[in-house]
Amino acid sequence: MREKRGNWAAFCCFKKSKRHLLTGKPSELRKPDRMAAMDTLVPANSSASPITSIQRKVVLAACFGTFLEWYDFLTFASLATYFSVLFFPPDNPTAALLASLATFGVGMLVRPLGAAVFGSLGDKYGRRPIFIATIFLMGVTTFGVGLLPTYANVGMLAPALLLVLRLLQGFAVGGEIGGAAVYLTEHAPNNRRGFYTSVLQLMGPLGIMASTIQIVLLQYWLSDTEFREWGWRVPFLLSIVLLLISLKSRMNMIESPVFNQLRASDDIAKAPLRECLKDKRTLGRMALLFFCISAGGSLLFFSSQVYTNVFLKSVVKFEPQLASTLVMVSTLALFPLTVFCGWLSDRIGRRPVLLAGLLLGALAILPVFHGLLHFGNPALAQFNSRVEVKLSGDNCSYNPFVAPRNDCERNQEWLTKQGVVYTLEQRSGATTQIAVREQIPVAGFQPDALKRALLISGWPDKADVQQANLPAIVALLLILVVALALITGPQTAVLAELFPARTRYTAAALPHNLSAGWIGGMSPFMVTLIGTRMGDVSLGIWYPAGLLCLAFVVGLVFLPETRNASLEQ
């Protein structure tokens, strides 16, 4: 009877304070009653941990908002080639494309600033209002991109406005990514955090797929002229509908029970970022997150979901539709694998699952990309192993961030795009020349003449699908997907479990966004830079491989087991 009376009292407390819990405002109940009501909402403190209807609503609201963030953010990347024509001076197409890609890149680089600002606000004023603010900012700026005038209408004001909106988008994503992990984990059942929170990691691939499918359908339904004139605006304008749905779901979200407990005990951090930087334990775990967990996850995400598509199109020379289809098949496998790995981390611990993903990624990434070329375009693989191509010239220092400055750099860029392995010889003051076998060297930058010389020597200008082993390619792509799932499955829970409640939002969001933006986000550029300068694009894969090895070693030495960590402390 005493237990029943206790449950009835807790239920009455919850009914009286429901309005305050939904709005995130402190209840006027006495502190003991407030804590009793909170305990009825938080199965995290219960040994039996069913997923309640409230928790299911929290998952849907958090995931839908994060999906919108990624959909908005990645739609820009998909349309970068169109933006180079629409928003930048048309007299230098290469420079315009690089400027467009750089505009996308600044959105990645500003993410840590958004994480620092919104993270501190989330630790001081609550998770719920910050989630509403980030999704509103992201949705409004994305809708604004769809309304922008082009360079033909307003000149240089067009790229300036685009840059401002892009910065605001990145700023909003910095507040969302990492913070969503904290909020969701603080609502999770104690012994099912990995499984419960793993679905959040699926929103990135889902956002990529939704954005890609929408653009492909628009390009199919519209002529190229129609798409360039107004069709490109549709994905951005459509985001206003997604924003309204997401805002409605987030307005109905309840505040994090852990934050409510901090507020009830008057234990909210006054300066969260300063506290993080002063506390050696928190600072050390922020470094662990930066160099190990977030670095490994972001490197494998961009390698398996972004760069594989680029590699299959530009190096293996598959048709874009075939390359995208193969990557999408592997992406579909990521969904169940991520949830399974989250569940597995609840059973055997976060540490062994994360270390397995880092080790598999470090060992497999180089063989996987070599295998993609071997099974996708065996004729090109044989050509590169048999035929020696020598490039010589002065000041051959190609940089993907700027337009090629001379004939040698233009040849570097062209050969890399054709998937041709070449030997580079720097010769001060010499005229640029390319020698293919024993043929007469091609002087300067003559792509047509160089292409003829390569074709005579057996170079295939595109992949022969009949000779390609497509099942083997899918199997190779799945290896990277498995490695990614092993990291992303438990990652959401670990982001929150590593840090104390007072500064958790700031401590998790800042290093995660730094690593995702600066290490993972820059990896495609670094792979291209290293591969082009070394004369073999596959050598650029040593960049993510080396960083994954570093992440594994750091994790092996310093990564703690966090599966049973208390979130209230």
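No value in this document is a laboratory result; all are computed from the given coordinates. If you're wondering where the values come from, they're calculated on a predicted model, not measured in any experiment. Here the Cβ positions follow ideal geometry from the backbone for every residue, glycine too, while neighbour counts run over all protein chains shown.
State, as an integer percentage, the relative contact order of the chain based on alpha-carbon contacts under 8 Å between residues 6 or more apart.
Computed over the chain, the figure is 23 percent.
Let me check the size of the chain from its C-alpha atoms; what are the radius of gyration and Dmax in Å?
25.8, 98
Could you tell me the center-to-center distance, by alpha carbons, between region 151-200 and region 476-534 in angstrom?
14
What chymotrypsin sites (Phe, Trp or Tyr not before Pro) in region 495-569 are in a loop by DSSP, with at most 16 other Cβ atoms within 10 Å of the Cβ?
Answer in residue order: no site qualifies.
Return the FRET efficiency for the residue pair ALA449, LYS270: r is the Cβ-Cβ distance, R0 is 60 Å, and the value is rounded to the nearest 0.05.
For ALA449 and LYS270, the calculated efficiency is 0.30.
Name all residues of region 304-324 having a backbone nitrogen under 19 Å from the label point set 7 Å from the Cα of SER457 along its Cα→Cβ direction, giving them as ranges.
Within reach of a label on SER457: 315-317.
Given the Cα atoms of region 473-548, and with Rh set as the inverse mean 1/r over their pairs in the Kirkwood sense, what is Rg to Rh to two decimals?
Ratio value, two decimals: 1.09.
Grab the Cα-Cα distance for ILE245 and SER397, subtract it from 0.36 nm times how many residues apart they are, and report the gain in nm with one decimal. Please report the intermediate quantities before stating the final value.
Numbers: separation 152, 0.36 × 152 = 54.72 nm, distance 4.90 nm.
Difference between extended and current length: 49.8 nm.
Using only the alpha carbons of region 380-456, determine the length spanned along each of the three principal axes and report them from longest to shortest in whole angstroms.
Extents along the principal axes, in whole Å: 31, 25, 20.
Considering every Cα-Cα pair within region 307-399, what fraction, in whole percent, is farther apart than 23 Å?
Working: 2081 of 4278 pairs.
Value for region 307-399 (Cα pairs over 23 Å): 49 percent.
Can you tell me the 0 to 90 degree angle between the C-alpha axis of helix 31-41 and the longest principal axis of the chain, rounded to 10?
Rounded to the nearest ten degrees, it is 50.
Starting from one equal scatterer on each C-alpha and no solvent at all, send me the Debye-based log10 I(q)/I(0) for region 166-259 at q = 0.25 Å⁻¹, two decimals.
Reported log10 I(q)/I(0), two decimals: -1.39.
Please report the Cα spread of region 521-567 along all three principal axes, rounded to whole Å, starting with the longest.
The principal-axis extents, from largest down, are 50, 20, 11 Å.
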